[in-house]
Amino acid sequence: MEVVIVQDAEAGGELIAETIANLLRRKPDALLGVATGSTPLPIYQALTAKVRSGALDASGARIAQLDEYVGLPAGHPESYRSVVLREVVEPLGLTEDAFMGPDGAAEDVQAACEAYDLALAQAGGVDLQLLGIGTDGHIGFNEPCSSLASRTRIKTLTRQTREDNARFFDSPDEVPHHVITQGIGTILEARHLVLLATGEGKAEAVAQTVEGPVAAVVPASALQLHPHATVVVDEAAASKLKLAEYFRATYASKPDWQGI
Ligand SMILES: O=P(O)(O)OC[C@H]1O[C@](O)(CO)[C@@H](O)[C@@H]1O
């Protein structure tokens with residue numbers, strides 16, 4: 001696992017956007033797995049700026065959703081499908097044809113989950129999966145004690161996560177209780193995992209993810225099992241890392257650094 005400490009969220013967004021840009025220059029039809037929430041927004045803004053300035057042609061990119069609420073009406077502005085279309089697909093000049101996600105309104109949710117795992121595999125697998133992290137250590141919506149081998153499935157949100165996400169809704173009661181999420185086993189199949197964490201509220205979860213044992217109670221700790229996982233944290237989110245100085249020195253010592 002590579003840990004990169006950056007000054008702030010904007011720097012993290014720029015670093016990861018450049019990594020994605022390099023991937024798309026090598027592989028124009030790369031499948032990008034995208035996360036929602038507040039954390040990845042600086043990445044999408046930096047990536048969009050590259051496209052608009054002509055520094056990057058992202059027209060062949062394909063976008064895959066990480067998770068979705070169950071039970072929101074179709075077209076709800078806070079469904080993750082709506083968020084990804086609004087924050088990623090449209091700004092990059094892509095169409096819905098380039099987008100894939102699980103069906104949160106399916107009658108048979110389990111079948112929809114299995115269909116999504118199959119669709120990801122048939123699309124050649126995710127090249128780079130962006131991840132945020134919950135204050136409880138979740139990735140996607142894999143709450144604590146999710147199986148580290150789990151596949152895409154329905155999950156129940158913890159009270160903490162519903163409280164954390166209430167800011168996106170008119171009332172806390174509107175936050176759905178259930179979600180579809182790529183499983184941890186599904187996420188681990190992506191070729192490169194890039195987790196961004198910013199702010200002091202994520203510091204404890206980051207410390208447990210990076211320096212704690214691999215444990216289902218901290219789902220993000222599963223990144224330790226992946227051969228190419230990069231954790232990008234700002235100074236605030238890095239504040240509880242015992243090895244912070246080591247991580248800074250390691251990163252600074254890479255003379256011909258080409259991206260993460
Ligand atoms: O970035 P935020 O808004 O703190 O959310 C943390 C994580 O929880 C989720 O909202 C759950 O999927 C992710 O989108 C995000 O990575």
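Side notes on the structure shown:
- Length-normalised contact order for the range 123-260 - Cα pairs under 8 Å, 6+ apart - percent: 29 percent
- Taking the Cα centre of the chain as origin and assigning +1 to Lys and Arg Cβ atoms and -1 to Asp and Glu Cβ atoms, the resulting dipole is close to 620 debye.
- For the chain: relative contact order, % (alpha-carbon pairs under 8 angstrom, 6 or more apart): 25 percent
- Residue of Q110, Q65, Q224 that the Gaussian network model of the chain assigns the largest fluctuation, springs spanning Cα pairs under 10 Å: Q110
- Inter-centroid distance (Cα atoms) of the range 1-51 relative to the range 201-260, Å: 17 Å
- For G183, residues with placed amide H under 5 Å, excluding near neighbours: T152, R153
- Contact order relative to length of the range 109-177, as percent, for alpha carbon pairs under 8 angstrom and 6 or more apart: 28 percent
- Shape of the range 1-107, Cα gyration tensor, a/c cut at 1.5: prolate
- Global form of the range 101-151, assessed from the alpha-carbon gyration tensor, a/c cut-off 1.5: oblate
- The GluC sites (Glu not before Pro) of the range 102-197 that DSSP puts in a loop, and whose beta carbon has at most 11 other beta carbons within 10 Å, are E107.
- For the chain, the Kirkwood estimate of the hydrodynamic radius, built from every pair of different alpha carbons, is 18.3 Å.
- The range 55-196: C-alpha pair distances exceeding 28 Å, %: 14 percent
- For the chain, share of DSSP beta bridges that run antiparallel, in % to the nearest 5: 30 percent
- With R₀ set to 35 Å, the beta-carbon distance separating T156 from K27 gives a calculated FRET efficiency near 0.45.
Read-outs: derived from the displayed coordinates by stated rules, not from any lab. All values derive from a computational prediction rather than experimental measurement. So basically every Cβ, Gly included, is an ideal-geometry build from the backbone, and we count neighbours across all protein chains shown.
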